[in-house]
Each structure stands twice: as C-alpha cells, then as structure tokens.
Amino acid sequence: MQRRDFLKNTAFATAATTGVAMGIGSVTDVIASPVQNLPGNIVAPLARPMIKKSLKWGMVKEDLSIMDKFKMLKDIGYDGVELDSPDKLDMKEVLAARDKTGLELPGTVNSMHWKLPLSDPDPKKREECVKSIEKALWDTKQYGGTTVLVVPGVVNAQVSYAEAYERSRAELKKLLPVAEKTGVKIALENVWNQFLISPLEAAKYVDDFKHPMIGWYFDVGNVLRYGWPVSWIEALDKRILKIDLKEFSFKKQNDLGLWKGFDVEFFDGDCNWPEVNKALQKVGYSGWASAEVSGGDRKRLQTIKDFMDKIFAA
C-alpha cells in the first residue's frame, strides 16, 4: 500500500470509529454516509432525515368510526394523520382515538384559506379567515400538534401580486400573538396560488416577519411547476417546518393538461426522490412528511405508505 493511501485509509477508519464512540451509529453507517466537518476536524456523517410518516384525513375513504380509522392507520404503519380545522369532527372522539392508538396529530390544515383567502379584497372575508386560523391554532394545541398549514394568499384577475403581498402580511401579523400563546407555528405553503413562486422570495417572505412562529410547509410536488424541489429545499433550509409528498409528471401535463400532471404514482413522475433526500439531509431536516395524494380504502393507503417507505430509502 502506498504511504498516502495508508494515511488516507487510516484517517477514515479513525473517523468512523470516533463516530461510533460519539453515538452516531455503526462503523458501517459512518462509512456509508456523506460526511461533514465537526470541531477538531473530526469527520462524521450527515444524519439521514428522521422522517415520521403522515397523511391527510380526507384521504381515508373507509366507512369507519374515527376510532377505527385511527386503528387502521396505526396498523398500516403511519405515525400520524393531519386533520382540517375548522372541521366537524368531534374533538373528544379524536383525542380518545389518538390516546388509544398512539397515532399522532402532527398538525392541521386550515380549511378556509381558499374560500376566504387572506388576500381577499373584502376585509370582512379576510377577518373571517383570520378567525378560522386562530381556531385552527387552538385546535392544534389541543391535538398536540405543532403547525397549522396556511396558504398565505391568492393572486388572480381581481387581486394583484402587490395587493396579495401587502394584505397577507398584514393579516398574518395579527395571528403571531396567537401562535405564541398556543406554541403552534404557522406553516405557509405554495399551492398553485400564483403567489410566492420563487424559492428566494418565499424565504424572504418568511424572514421579513422576523418571528420564530412562522415558517414554510414544503410541498415537493407542487413546486415542480415553478422549478426544482432541490432548489427550494436549499433556499428554504431551516424555514421548512413540515413536508407534503406528491408526484408530478411533465409528460402528463403536456399531453393531457396542467392538472393531469398530478395523476401519476410516486416514482412515475419527474420528482427525483434521491436528490430530494440528499437536499433534506444537507439542510438537516428531520420531522414529518405527509402524503397528499388520491386516497382510498385500506389497500390503497397501504400502497401509499409503502411508497413513502421507498421514497425515504432512496
């Protein structure tokens, strides 16, 4: 063995052993992982994202009680489920099902931000949306969740980009004291609302609040219309609070129409999941990922869970 090869291999093995001693993992894990520099020039692996798997409540199409739906999801292998808020579910039943099954409620999705957007020209409608988000924040606190997903505004023929920007910021600022009281963060998402369509702009929009209780709910599939998921992950970085998973196909979009791009199974579209994983790993994301695709019965929900396992093993 050449001297330089011996020195390189010896240093690598020492780093691996050091990593194990620090509780990072096995020697095999260290050698197999990308590395980062630690103080003292110790080389240790970048941790793979710790992903807890969830889905949206509306994806569950079985005709079952709340309790039995929770039991089914837990049995399939989901870690949690996200509810809408405000909604018509009985909170006592939901909490009983959570406590009985151990299925977590990581957050909620505000149910009024499309019907009554924070950018609406009518101040009364904006006020109603703010109240609905307040309720969602308090509901989420009771559920034991940490975020409320909010679409910040909608740009259309009646609402200019500048108007959506100004109005949405003003309304969201009203909600920050409630977020502080509840300990639940406001997680903004881009959902083809023609607003905040650049990752750098999205990051700046969050930063300009200068407040720790507001961040981003990153939807991997939605942003393919505007760019590449990796670029968004790199730009949003620590601002990412949670992740939504869906696939998107440029071919189906081009052949059948824009919205048909979503009509494709995971791994049959244009989302490069291994690169998404690398980008999440690079920014140090660990947390929840929720499927947001066409749901169905138990068999279908099992298929989605299996796809999620495959995604994060990629």
In region 113-153, residues that are modelled with pLDDT under 95 and either surrounded by fewer than 24 Cβ atoms within 10 Å (Cβ to Cβ) or not assigned by TED's automatic domain parsing to the domain that holds Leu176 (or both) total 2
When every residue in region 288-314 that is modelled with pLDDT of 95 or more, closer than 22 Å to Tyr217 by Cβ and of a type in the set (Gly, Ala, Ser) is compared, the one surrounded by the most Cβ atoms within 10 Å (Cβ to Cβ) is Ser290
Test: residue in region 295-305 that is within 14 Å of the chain's Cα centre (by Cα), small (Gly, Ala, Ser) and within 17 Å of Lys56 (Cβ to Cβ): no
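Going through Asp68, Asp29 one at a time, which residue ends up being assigned to a helix (DSSP H, G or I) and at pLDDT below 95? Don't jump to the end; show me each part of the working.
On the way: Asp68 fails: at pLDDT below 95.
Going through Asp68, Asp29 in turn, the sole match is Asp29.
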Of the candidates Lys242, Lys278, the one satisfying the condition of being part of a strand (DSSP E or B) and touching a Pro at 6+ places or on another chain (Cβ under 9 Å) is Lys242
Note on region 182-202: residues free of Cβ contacts under 8 Å to residues at least 40 places away in the same chain and assigned to a helix (DSSP H, G or I) are Pro199, Leu200, Glu201, Ala202
Here the residues within region 204-237 that are more than 21 Å from Asn272 (Cα to Cα) and either of a type outside the set (A, V, I, L, M, F, W, C) or touching a residue at least 40 places away in the same chain (Cβ under 8 Å) (or both) are Lys204, Tyr205, Asp207, Asp208, Phe209, Lys210, His211, Pro212, Ile214, Gly215
Quiz item: in contact (Cβ under 8 Å) with a residue 12 or more places away in the chain and in contact with a helix residue (DSSP H, G or I) (Cβ under 7 Å, 6 or more places away or on another chain) - does that describe any residue in region 158-167?
Solution: yes
Going through region 259-275 in order, the residues found to be more than 16 Å from the chain's Cα centre (by Cα) and part of a helix (DSSP H, G or I) are Trp259, Lys260, Gly261, Phe262, Pro274, Glu275
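Here is a yes/no grid of residues against (1) among the hydroxyl-bearing types (Ser, Thr, Tyr); (2) part of a helix (DSSP H, G or I); (3) within 22 Å of the chain's Cα centre (by Cα):
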residue	(1), (2), (3)
Tyr78	yes, no, yes
Leu83	no, no, yes
Leu89	no, no, no
Lys131	no, yes, no
Lys135	no, yes, yes
Val94: passes all of (1) among the β-branched types (Val, Ile, Thr); (2) surrounded by fewer than 20 Cβ atoms within 10 Å (Cβ to Cβ); (3) more than 16 Å from Ser290 (Cβ to Cβ) but (2)
Of the residues in region 281-314, those that are hydroxyl-bearing (Ser, Thr, Tyr) and either part of a helix (DSSP H, G or I) or without any contact (Cβ under 8 Å) to a residue 60 or more places away in the chain (or both) come to Thr303
Taking Asp237, is it modelled with pLDDT of 95 or more, surrounded by fewer than 17 Cβ atoms within 10 Å (Cβ to Cβ), assigned to a helix (DSSP H, G or I) and touching a helix residue (DSSP H, G or I) at 6+ places or on another chain (Cβ under 9 Å)?
yes
For this session: Tell me, yes or no, whether region 190-200 has at least one residue that is over 14 Å from the mean Cα position of the chain (by Cα) and among the hydroxyl-bearing types (Ser, Thr, Tyr).
Result: yes
| Any chance Val230 is buried (at least 21 other Cβ atoms within 10 Å of the Cβ), under 18 Å from Ala202 (Cβ atoms) and out of contact with any Gly (no Cβ under 6 Å at 6 or more places or on another chain) | no
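The values are calculated or read from the model by the stated rules, or taken from the named source; none is laboratory data. Quick caveat, the model's predicted, so the values are computed rather than measured. Neighbour counts are summed over all protein chains in view; Cβ atoms, including those assigned to glycine, are modelled from backbone coordinates with ideal geometry.
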